[in-house]
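Worksheet: the structure to be examined is printed underneath.
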Amino acid sequence: MSIPMIHANHVFGLEASVVNNVFYFDDQSIMYPAGSGCVRYNIDQKWQKLFPGSEKCQGMLALALSPNRRYLAISEKGERAMVAIYDIQHDQSKKKKLLSVNDLQAQEFVSIAFSPDSKYLIAQSGKPDWTLIYWLWKKQKIIGVMKTTTNANPVYQISFNPQDNTQICVVGDGVLKLLRYSDGNLKQTNFQKLELQNFLAHAWMPEDRIIVGTDMGKLYLFELAELHWEYTIMLDVRKSASVSQLPSLPPPQPKVTAITIYSKGFMCSAGPGVVYIFERGEEKDTFKKIRVVKIPQDPYSTDPTQAEQQEMSTLSLSPSEEALVVSTNKSQLYCITLSSAEISKGELAYFEFLSQSFHSNIITGLDICIRKPLVATSSVDRSVRLWNYETNALELYKEFQEEAYSVAIHPSGLYILVGFSDKLRLMNLLIDDIRTFKEFTVRSCRECSFSNGGHRFAVVNGNVIHIHSTTTFENLVNLKGHNGKIRAIIWNPDDSKLISCGMDGAVYEWNTLTGKRESECVLKSCSYTGLCITPDSKTIFAVGSDRTLKEITDSQIIREVSSNDVAYTCVVMSHSGRMLFIGTVNGSVRCMKIPLPVKPEWNEYQAHAGPITKNQMTLELKTRVEELKMENEYQLRLKDMNYSDKIKELTEKFIQEMESLKTKNQVLKTDKDKIEIKHKEDTVIILDKHAKDIEDLESINNQKLMLEYEKYQELQLKSQRMQEDYERQLTEMDESKSQALEELTEYYETKLQEKCTLIEQLQEESRQQIKEADETKKQIEEDADREIQDIKIKYERNLRDEKEANLRLKGETGIMRKKFTSLQKEIEDKQGEIEKLKSEHQKLHGVIRSLEKDIQGLKKEILERDETIQDKEKRIYDLKKKNQELEKFKFVLDYKIKELKRQIEPRENDIKEMKEQIQQFEIAAVDSDIQREFGRQRNHLEKSIATLQKKLLKDTEIHRADNVHIMQENVALIKEINDLRHELKVSRIKVHDLEVALGSIRKNKKPCAVEFKDNCSRSGAVSRLHFDHESERIIELQRQEIKQLREEIPGKEEAQSVGMLPVLSI
């Protein structure tokens, strides 16, 4: 039988300590270090390709991908520093070159980088040399060497200028150097004098510019070694409601640990769990922060905020700039699609896990589920995770408050047993949670295991093994005999025996029913760390500190296989019992065949860079896979047959439906054509009918007009005849009434005397009412003129005050501009002192931010005050409109008084004329016609006098009510004007206080604040000028309207007097 061989199928995890530990190979796949090799992971299809490290590699330190994406360089730690270069462009990747320096004392290269044309490679060695090596790597030729720093100032990152093979940047703790290769030597270019800081990361930008970040959150932009731009990152520190009882830690520093560039600017880490995205500003060599991306909280942790405290190790942008991948110091990979961040521009965005969450520390426990493809792991990072080794996905995980030392999964895959530092917990595996349902008082349990049937489980408590029932949780038996700590336990296939080994050099075989020890093998010179048993339970294989593999049968060591000075840590056997897989201290896995050969023979696979703590064997599922394949093929055939039948039926059905639809479509088209023809015929018939109807209507209307005209002529003749009859009747009536007139004259003369006395009384009353009306009119006019004058004086004073305030503010702005120019000169003079005051500047940064917030609050208050002032101005404008309406009421009242006067004067004239006529009638005798006319005129005058009296009473009442209403409105308006004056005074005081406060703040602010205030004062002055101009325009419009009304009053009075006077006919 040949020696078995293994290869890696999938790797769960990330080496966080490697520099530049994640980068895009193309838009669909990334590369990152895991174990002792490097992984290429396809993000869309979820497959991995592994590049194993060198055999004697003690771990990776740095990675670099060539710009043409063909070569991968890995800095490996060993007896001497080495750089291994792989050709990864083809599927069968192979190691191209292994670069090393013979006379170099350093055992590691801390940073490596390819040149832009991928022909050269630079590597920065670690302590004690700190030497920069410049290789023409394909020929393994060193063309440049330079010592960059000392042990006191380590170097963190080196890189080539993407546009120039000869320009190199080196950054570190107190190290910032720009090197140029010329004439076979590396020469240093001096940077502008700058306080040396701990420079953590840098990146090259277009036009030979370099962006550099420090551990204090500073970003510097250099061009040709001159500082062009500077930015300070300020963290938003929030108190987290942590569940854990850990002491409060000091606030983290905003370290810039990683920088990457893109077409519009650059991205950088900005403290724990935060990435800032910067874009180029409008001005040259300036950048503005446009987006913040954060790591979200972990809902599966006891302290969800711990995920936010991860430090960013590397930022990698996809070639198409559509996605960003970051790695953290807790061995996690996060990603974000930048198109989604673009949608919510300006808002806070969050990363997502790239594939799944990984362990961030040593894995202490490992177990395989028998009936499901599940692997359970526990770690020092306080988490327990459940992996599916068929789908290569993380099924479930949860973080706890204590470290997990051991783990065992039930064969059913429904329960899990975890040993914590305080207790042993049996937990349920739910869909989205791991929940405890039973606790055992076993502290720091390092080993636990379920039986193959799952009905019992064994727990190690120091040097005692407890066996419990899985159903009743009862302690069935305790196995005592070891003198040292027990390091491994294993059940035999039928669960009748339990084998254990420990630090005391003993391997015991226990009967699990009786608890008795059935066999033992003690070798005190060896501390056993792992064992396994054959399927027939006859042979035990054990490994320990003596660096040999022991085969034990019947309590005797029958064979030992040496490991060639490599310590074995654990061993596991295949289910067929024909192969052994042994884990070593240096991270390799050795495969041996059984029975063991006389000469040591094995195949070795380098899996990890550190000791292998646990290894387990998955189930051989070949038969199951074949059965599933057969079943799936059969099911697929059945489905294909069913689907083919259905497709035939559907096609026939659709063909029939299409034919029926075609026929329907043709029928509908013919119907449509018929309807259109019918519609045209109907329209022609309707138009003909409409023309005939119009002609008929015209003839009928003409006939009706002729008939009406004939009727009109007949009515005219009738009216003439009736007029002649009425004239004849009038003559007869005059003759009859002449006799009665003589009798009535005497009667009416007596009545006339009585009416004369009444007229005199009424005249006296009307005179008194006219006097009262004149007095009230004078009072109203005087009050209105006084109020108008007061309002005019008040607003003129207000205008004068506003103009003075405007001039004063203009003077202040001129003074502030002069101060601004003087301050600019002072700033230019004191630029040299700014470097010394940078530390104080950082302390005062918080104060400046609070003042900026106060300024924003004051700006909001000023805007609110401006809105209230505008409301008050609108209210004043409304009051002016009311004042205008009152003036209109005044003119209406004047008009009514004049109208009453004009109505009374013609009546008095008529009375005088009538008196004269009466005297003439008394003196001379008149004929019967004159007497009749006299009687008619007297009746008319009596009626007109009665109506005038009634109208006079009504007008006096209306006039009194109007006077009372006007007085009430005047009182209310005066009160409202006083209130407005008070509010305007208060608002002016507040505005003045705000201006004073803004003036004091402006003196302490930057020039931008002075410009803002200057703009505000200008806008305020403009708004006041607009208000003055608006008020003058309103007053002028009111004057024009008053003049127009005064011109219209006489015409309306004449028209109304003509309409009101009675027509006297003689």
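The values are calculated or read from the model by the stated rules, or taken from the named source; none is laboratory data. Since this is a predicted model, take the numbers as computed values, not measurements. So basically every Cβ, Gly included, is an ideal-geometry build from the backbone, and we count neighbours across all protein chains shown. With ligands, DNA and RNA removed, areas are computed over all heavy atoms of the protein, side chains included. Shrake-Rupley method; radii C 1.70, N 1.55, O 1.52, S 1.80 Å.
Per-residue accessible area (protein heavy atoms, 1.4 Å probe) orders Tyr71, Tyr747 as Tyr747, Tyr71, starting from the largest. Net charge in the neighbourhood of Ile685 (other residues with Cβ under 13 Å of its Cβ; Lys, Arg +1, Asp, Glu -1) is 0.
Normalising by the residue count of the chain, find the relative contact order in percent from Cα pairs under 8 Å and 6+ residues apart. Dividing the mean separation by the residue count of the chain yields 5 percent. Under 18 Å of direct C-alpha separation, and excluding same-chain neighbours fewer than eight residues apart, Lys139 reaches these lysines: Lys94, Lys95, Lys96, Lys97, Lys119. Surface listing: His10, His992 arranged by accessible area from highest to lowest gives His992, His10, probe 1.4 Å. For region 53-190, how big is Rg over Rh, using alpha carbon atoms and the Kirkwood form of Rh? Ratio value, two decimals: 0.95.
Could you order the peptides 280-289, 862-871 from most to least packed, using the average number of other C-beta atoms within 10 Å per residue?
Those peptides, ordered most packed to least, come out 862-871, 280-289.
Within straight-line reach of Lys985, meaning a Cα separation under 19 Å, sit the following lysines at least 8 residues removed in sequence or on another chain: Lys792, Lys794, Lys803, Lys872, Lys874, Lys880, Lys975.
The listed residues Thr757, Thr776, once ranked by accessible area (1.4 Å probe) with the largest placed first, stand as Thr757, Thr776. Suppose a student asked you for the relative contact order of region 53-190, using Cα pairs under 8 Å spaced at least 6 residues apart; what percent would you report? Relative contact order of region 53-190: 15 percent.
Only one item in [x] 39.5, 130; [y] 54.9, 181; [z] 46.6, 143 matches Rg and Dmax of the Cα atoms in Å derived from the coordinates shown, and that item is [y]. Accessible area per residue for the chain, computed on protein heavy atoms with a 1.4 Å probe, is 59 Å². For the cross-link pairs Lys901/Lys950; Lys49/Lys264; Lys898/Lys1043, the ones whose C-alpha atoms lie over 24 Å apart are Lys49/Lys264.
The order of the peptides 14-22, 99-107 by mean Cβ neighbours within 10 Å, most packed first, is 14-22, 99-107. Take the solvent-accessible surface of the protein heavy atoms, probe 1.4 Å, and return the percent of it on the chain that carbon and sulfur atoms account for. Of the solvent-accessible surface of the chain, carbon and sulfur hold 52 percent.
Calculated [222 nm] ellipticity per residue, helices only, for the chain: -15500 deg cm²/dmol; basis is -39500 (n - 2.57) per DSSP H run with n ≥ 4, divided by all residues, nearest 500.
For a straight C-alpha distance cut-off of 19 angstrom, the aspartates and glutamates reachable from Lys127 (same-chain residues fewer than eight places away being disregarded) are Glu76, Glu79, Asp103, Glu108, Asp173.
Tell me, rounded to the nearest percent, the portion of alpha carbon pairs in region 363-578 spaced more than 29 Å apart.
24 percent
Sorted on the mean count of surrounding Cβ atoms within 10 Å across their residues, most packed first, peptides 714-721, 293-300 read 293-300, 714-721. Pairs over the 32 Å Cα-Cα cut-off, from the set Lys288/Lys819; Lys672/Lys692; Lys289/Lys990; Lys193/Lys284; Lys480/Lys614: Lys289/Lys990.
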